[in-house]
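We did not get these values from a lab; they are worked out from the coordinates using the rules stated. Nothing here was measured: the structure is a model prediction, and the numbers come from that model. Here Cβ is always computed from backbone atoms with ideal geometry, including for glycine, and neighbour counts include all displayed protein chains.
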Amino acid sequence: MKRGNIYFWYAAAVALMAIAGCTKTVHTPENGEHSIGFNVQESVKAAVTGANDIASFGVWGWYGSGEARDKNVFNGVEVHNQAGAWVYSNIQYWVPGMNYTFYAVYPFDYGECAPNGTVKVNDLDCSATGEDAVDLMTAEPVKGSGDSPQNVLFTFSHELSKLKFSFESSQTEVTVTNIKLYGISAGGSLTKTPDNATWSLATAATAENTLYSISQAALNAGNSYTAEPFGEILLPPHTDLADAKISFSYYYGENNANIKSADISLATGTGNVTSWEAGKSYGYTVAIPAEGKIKITVTVAPWEERNASVTWTPNN
């Protein structure tokens, strides 16, 4: 996967981009200048599994006197990992007497940020799955002072929900075909203020045009009678799963002349899983028995940890 506390510092003697113009002046630590720099602590989890997995992220920053933030210092600047160090072009320095506010978004070039801290990510495409899925994280605004330069501490949070679908059988060879996940949105646009996050979801997919479709998955002794056909899926939060479904066909052994079909709702009813929240992981397990009805279990957890599950038998 490519999906958090992030600590920023980076000291170097390089060119200073003049704030009021285009003149560059060379400064060294001996001149008393304090550069604004970046570092990433090893604590970003799940789709992003560690500091070395973060290729780059974007940073915004404004400063001014008092409460004013009328001068821009970072405008979506890319910060990238270079041999374990976090670097960017045109090093900026703290200005004494000025107050700062910083913002950040992972990955780099995912969105834009206004001086009031409103982050917008337009038309996010979440159709990629498994190792190609991309996490989206935003950071809480961080304030700083040019009179007392400190390492900038960004606390990131996941803006997406993580899903995983598993099929399993009890020591019975089963072939699952034509697997489709539909009635959900594979993307959307995010508006995130310091106090609230709002999503405008893309049109929900139908069974005919869904982007989440797998032709076949085999459950046999070679894979311990389990399969995860999609890998991990990262989606915008969904407040209503009334139309969310997974459909598939299946047959036992080599008896493909006796194919059965299932069309299962992912909404489990009041008090259970009726929505997908940002920063949470939802693991759905579809159990196909040798006899009897299919059962589906959903495990709800923080991004990495397991903490709750519920099982139900679909009416089909």
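Each distinct pair of alpha carbons in the range 193-263 adds a 1/r term; the inverse of their mean, the Kirkwood radius, is 15.6 Å.
Once the convex hull of all Cα atoms in the range 161-312 is built, its volume per residue stands at 117 Å³. Separation of the alpha carbons by more than 20 angstrom is noted, of 245/293; 162/260; 164/280; 71/143; 164/245, for 162/260.
Cα centroid distance between the range 176-206 and the range 237-267, in Å? With the range 176-206 and the range 237-267 each reduced to a Cα centre, they are spaced 20 Å. Compute the Cα gyration tensor for the range 135-228, then decide on rounded, prolate or oblate, letting a ≥ b ≥ c be the square roots of its eigenvalues: rounded whenever a/c is under 1.5, prolate when a/b is larger than b/c in the other cases, and oblate in all that remain. Note, shape of the range 135-228 comes out oblate. Between the range 118-148 and the range 75-98, the C-alpha centres lie 17 angstrom from each other.
Annotation: Cα Rg of the range 68-191 relative to the compact-globule expectation 2.2 N^0.38 Å equals 1.50. Taking the fewest neighbouring Cβ atoms within 10 Å as the starting point, the ordered list for 126, 113 is 126, 113.
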